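S.K.: Just passing along the structure, written as structure tokens.
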Amino acid sequence: MSVEELLINYRNNQRVIFKKEKLTFKGVNDKDVYNITAPFQDNGEWVIAGRVESRDSEHSQVVFFVNRNDAWIPRQSAPVFELQDPFFTKIGGQLIFGGVEIFPHPTVQNSLSWRTVFYHGNTIGELERFFEGPDGMKDLRLIELTDGSVGIFTRPQGEKGERGKIGFTKIDSLKDLSINVINEAPLFDQFLDDEWGGANEVHLLSNGMLGVLGHIARFDKEGNRHYYSMVFKVNPETRDYSNMQIIAERADFLEGPSKRPDLVDVVFSGGLIRYPNGKAELYAGISDATAQKITIPDPFTQLEN
């Protein structure tokens, strides 16, 4: 289905937003913080990783923040990474952390390329780099499956993936992770060729399925970008997958600034915290300038049936 069709379905259903909140960040010299993770526990404390950069720059750092007096401040002595768009998961009891690394393009002069890089460790302070994804690939995600194997969500661009399509494969353990395995992952048939998307966070659901929190995006005729938060589920054994559903758009969040005029209508899914009461908090980067969260009905509940 196209973005337009998914958006019509979303708007025709009775959307429910229980609460909207802009996250406050301090101690970053008035730089923007956006494209955050959901909070996660490290050494008994809730931590958020966020992309920090000046409004007029694309060169960012990933900083770990802790909450003090209703504001998020950099965690003292925590590492800072020269990355964009952080994410995390747990595999084998270890924290797996990663982000997008920018570097000079190997063949095109005065251009940049990017890749997804991974770190592991028992805590944030012990993180060590252990893997670099293929050049030119963002939105590479890992998830531990019920039998201890590892699911890999990929997002190639170019000849195989057009503007960006999601793929999936499995390996027995992290020892089997390789560029070749990632490049050979089969793609889902989800996106039109002039639209794109990616996985941002993967949840292991109670029925053994994988709940994918991601984004779907398109350009309009004026070249403006439109990003929406979406979910779908994947059977890791058969690779069967459900239709995508949009769960949030920019209008669902509080008003705020944008990095550029073409980025006004951007919601970049960061993470989702599920609660036993059937609600969930969606953390997202908004307009490439701020970080917000909204409380919504848990979008994965229906995917567990």
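The values are calculated or read from the model by the stated rules, or taken from the named source; none is laboratory data. What you see is a predicted model, and the numbers here were worked out from it, not measured in a lab. As a convention, Cβ positions derive from the backbone with ideal geometry for all residues, glycine included, and neighbour counts pool all protein chains shown.
S.K.: Looking only at region 137-188, filter to residues that are over 20 Å from the mean Cα position of the chain (by Cα) and closer than 21 Å to Phe219 by Cβ; which one of those is surrounded by the fewest Cβ atoms within 10 Å (Cβ to Cβ)?
M.R.: Here the answer is Glu159.
S.K.: Can you tell me which residue among Ile36, Ile96, Ile48 is buried (at least 21 other Cβ atoms within 10 Å of the Cβ) and touching a His at 6+ places or on another chain (Cβ under 6 Å)? It would help to see each step written out before you state the result.
M.R.: Working: Ile36 fails: touching a His at 6+ places or on another chain (Cβ under 6 Å); Ile48 fails: touching a His at 6+ places or on another chain (Cβ under 6 Å).
None of the other options fit; the residue is Ile96.
S.K.: Further question on the same structure: Here are some conditions: (1) part of a loop (DSSP other than H, G, I, E, B); (2) touching a strand residue (DSSP E or B) at 6+ places or on another chain (Cβ under 9 Å). Val47 meets all but one. Which one does it not meet?
M.R.: Exception for Val47: condition (1).
S.K.: So is Ala38 of a type in the set (Gly, Ala, Ser), part of a strand (DSSP E or B) and touching a Gly at 6+ places or on another chain (Cβ under 9 Å) or not?
M.R.: Values: of a type in the set (Gly, Ala, Ser): yes; part of a strand (DSSP E or B): no; touching a Gly at 6+ places or on another chain (Cβ under 9 Å): yes.
Spelling it out, it is not the case that Ala38 is of a type in the set (Gly, Ala, Ser), part of a strand (DSSP E or B) and touching a Gly at 6+ places or on another chain (Cβ under 9 Å).
S.K.: Consider Ser2 against the criteria (1) more than 19 Å from Asp252 (Cα to Cα); (2) surrounded by fewer than 12 Cβ atoms within 10 Å (Cβ to Cβ); (3) of a type in the set (S, T, N, Q): it satisfies all of them except one. Which criterion is unmet?
M.R.: Against the list (1) more than 19 Å from Asp252 (Cα to Cα); (2) surrounded by fewer than 12 Cβ atoms within 10 Å (Cβ to Cβ); (3) of a type in the set (S, T, N, Q), Ser2 comes up short only on (2).
S.K.: Cβ-Cβ distance below 6 Å, separation of 6 or more or different chains: which pairs start in region 239-258 with a residue that is under 21 Å from Ser2 (Cβ atoms) and end on one that is of a type in the set (Gly, Ala, Ser) and surrounded by 20 or more Cβ atoms within 10 Å (Cβ to Cβ)?
M.R.: Matching pairs, first to second residue: Ile247/Ser229; Ala248/Ser229.
S.K.: Sticking with this structure for a sec: Taking the conditions exactly as written (in contact with a strand residue (DSSP E or B) (Cβ under 8 Å, 6 or more places away or on another chain), of a type in the set (S, T, N, Q), farther than 30 Å from Leu145 by Cα and modelled with pLDDT of 95 or more), does Asn235 satisfy them or not? Spell out how you get there, then give the answer.
M.R.: Values: in contact with a strand residue (DSSP E or B) (Cβ under 8 Å, 6 or more places away or on another chain): yes; of a type in the set (S, T, N, Q): yes; farther than 30 Å from Leu145 by Cα: no; modelled with pLDDT of 95 or more: yes.
No: the conditions fail for Asn235.
S.K.: Among Phe191, Phe97, Phe153, Phe118, which is of a type outside the set (Lys, Arg) and either in contact with a Pro (Cβ under 9 Å, 6 or more places away or on another chain) or in a helix (DSSP H, G or I) (or both)?
M.R.: Phe97
S.K.: Any residue at all in region 100-112 that's surrounded by 20 or more Cβ atoms within 10 Å (Cβ to Cβ), under 17 Å from the mean Cα position of the chain (by Cα), under 30 Å from Phe188 (Cα atoms) and not polar (S, T, N, Q)?
M.R.: First pass over region 100-112, keeping only residues surrounded by 20 or more Cβ atoms within 10 Å (Cβ to Cβ): 100.
Next, from what is left, pick out any that are under 17 Å from the mean Cα position of the chain (by Cα): 100.
Applying the additional criterion that residues be under 30 Å from Phe188 (Cα atoms) yields 100.
From the residues that got through so far, the ones that are not polar (S, T, N, Q) too are 100.
The answer is yes, given that some residue of region 100-112 is surrounded by 20 or more Cβ atoms within 10 Å (Cβ to Cβ), under 17 Å from the mean Cα position of the chain (by Cα), under 30 Å from Phe188 (Cα atoms) and not polar (S, T, N, Q).
S.K.: Restricting to region 205-247, name every residue that is more than 23 Å from Ile8 (Cα to Cα), in contact with a helix residue (DSSP H, G or I) (Cβ under 9 Å, 6 or more places away or on another chain) and of a type in the set (Asp, Glu).
M.R.: Scanning region 205-247 gives no hits.
S.K.: Let me ask something else about it. Taking the condition in contact with a Leu (Cβ under 9 Å, 6 or more places away or on another chain), surrounded by fewer than 17 Cβ atoms within 10 Å (Cβ to Cβ) and farther than 20 Å from Ile166 by Cα, does Ile286 pass?
M.R.: Numbers: in contact with a Leu (Cβ under 9 Å, 6 or more places away or on another chain): yes; surrounded by fewer than 17 Cβ atoms within 10 Å (Cβ to Cβ): no; farther than 20 Å from Ile166 by Cα: yes.
Judged against the criteria, Ile286 is not a match.
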